[in-house]
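The structure appears right after this line, and notes come after that.
The values are calculated or read from the model by the stated rules, or taken from the named source; none is laboratory data. Note that the coordinates shown come from a computational prediction; the quantities given were computed from them, not determined experimentally. Don't worry about glycine lacking a Cβ; one is built from the backbone with ideal geometry, like all the others, and counts go over all protein chains shown.
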Amino acid sequence: MPKRVDHLERRREIAEALFRIAAARGLQAVTLRAVASEAGISMNLVQYYFPTKEEMLRFAWQRIVELTGEIAGKGIVEAMATGDERTIVRAYLTGVLPDGERRRRLAAVQIAYFAVDVTRGSQDPEQEPLLPHLIRALTELLQKAQAKGDIPAHLDPRLEADALATMSAGLVTGILVDAYTAERAAEIVDYRLDGVFTGAR
């Protein structure tokens, strides 16, 4: 009986090969041939699943979004169970900090994609953006905290969400270049949240 091929799993394996190349050498090093070599399969097989490099890059980005959500999701769900907005905000901000080899690689690949976007001057419209989702979630949490009197009334929840999300993105880069450890970055998050969740004064 012929072996049944899981096509989604094969596409994910190809994406993993792309991740390894992009994390080490940037997206400019990603080609169908290079990915085939890294994955240990033929270029024809790669082209069977991804006829063009652009299709492969878009699938890989969507896979990054999925994996990032899975990694951060567990901590966020646990934080939500507490009903405490500060705890949930912290889970969102620390959940993206790369604290192991796997998460460092995914973060490095994300930055490789961002580098291409910077050069191009815009993000690929078919790539789901990550930052707006984070900012929206943080804004809603800060609005709830403000309504409870946990953060001052004069603070703008949207601007604070923008600032926190931007800080988190910067900390990810700092960890990747060894400017911070993940533990130190988490301390910075806590310090910043201490300045936001000060009560209604």
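Please specify each residue of the stretch 30-47 satisfying the condition of being buried (at least 17 other Cβ atoms within 10 Å of the Cβ) and of a type outside the set (Gly, Ala, Ser).
Val30, Leu32, Val35, Glu38, Ile41, Val46
Restricting to the stretch 153-201, what's the tally of residues that are of a type in the set (Ser, Thr, Tyr) and buried (at least 17 other Cβ atoms within 10 Å of the Cβ)?
2
Gly26 passes all but one of (1) modelled with pLDDT of 95 or more; (2) in contact with a helix residue (DSSP H, G or I) (Cβ under 7 Å, 6 or more places away or on another chain); which number fails?
(1)
Of the residues Ala79, Ala72, only one is under 30 Å from Arg192 (Cβ atoms) and either among the acidic types (Asp, Glu) or at pLDDT below 95 (or both); which? Please lay out each step first, then the result.
On the way: Ala79 fails: either among the acidic types (Asp, Glu) or at pLDDT below 95 (or both).
Checking each option against the conditions leaves just Ala72.
Can you confirm whether Ile151 is aliphatic (A, V, I, L, M) and part of a helix (DSSP H, G or I)?
Against the criterion (aliphatic (A, V, I, L, M) and part of a helix (DSSP H, G or I)), Ile151 does not qualify.
Yes/no per residue for (1) under 16 Å from the mean Cα position of the chain (by Cα); (2) acidic (Asp, Glu); (3) under 22 Å from Ala182 (Cα atoms); (4) in a helix (DSSP H, G or I):
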| residue | (1), (2), (3), (4) |
| --- | --- |
| Arg10 | no, no, no, yes |
| Ala15 | yes, no, no, yes |
| Ser37 | no, no, no, yes |
| Leu45 | no, no, no, yes |
| Pro51 | no, no, no, no |
| Ala60 | yes, no, no, yes |
| Ala79 | no, no, yes, yes |
| Thr94 | yes, no, yes, yes |
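Gln146 - would you say it is part of a helix (DSSP H, G or I), polar (S, T, N, Q) and out of contact with any Phe, Trp or Tyr (no Cβ under 9 Å at 6 or more places or on another chain)?
Yes: the conditions hold for Gln146.
Ala163 passes all but one of (1) in contact with a helix residue (DSSP H, G or I) (Cβ under 6 Å, 6 or more places away or on another chain); (2) at pLDDT 95 or above; which number fails?
Unmet condition: (1).
Condition first: within 15 Å of Asp99 (Cα to Cα) and either among the polar types (S, T, N, Q) or more than 20 Å from the chain's Cα centre (by Cα) (or both). Now tell me which residues in the stretch 130-189 satisfy that.
Result: Ser168, Thr173, Thr181.
Condition check ((1) at pLDDT 95 or above; (2) part of a helix (DSSP H, G or I); (3) under 24 Å from Gly26 (Cα atoms)) across all residues:
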| site | (1), (2), (3) |
| --- | --- |
| Ala107 | no, yes, yes |
| Val118 | no, yes, yes |
| Leu134 | no, yes, no |
| Ala169 | no, yes, yes |
| Gly174 | yes, yes, yes |
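May I ask you to say which residue of Glu16, Glu9 is acidic (Asp, Glu) and within 23 Å of Phe114 (Cβ to Cβ)?
Matching residue, one of Glu16, Glu9: Glu16.
Restricting to the stretch 152-201, name every residue that is free of Cβ contacts under 8 Å to residues at least 12 places away in the same chain and of a type in the set (S, T, N, Q).
Thr166, Thr181
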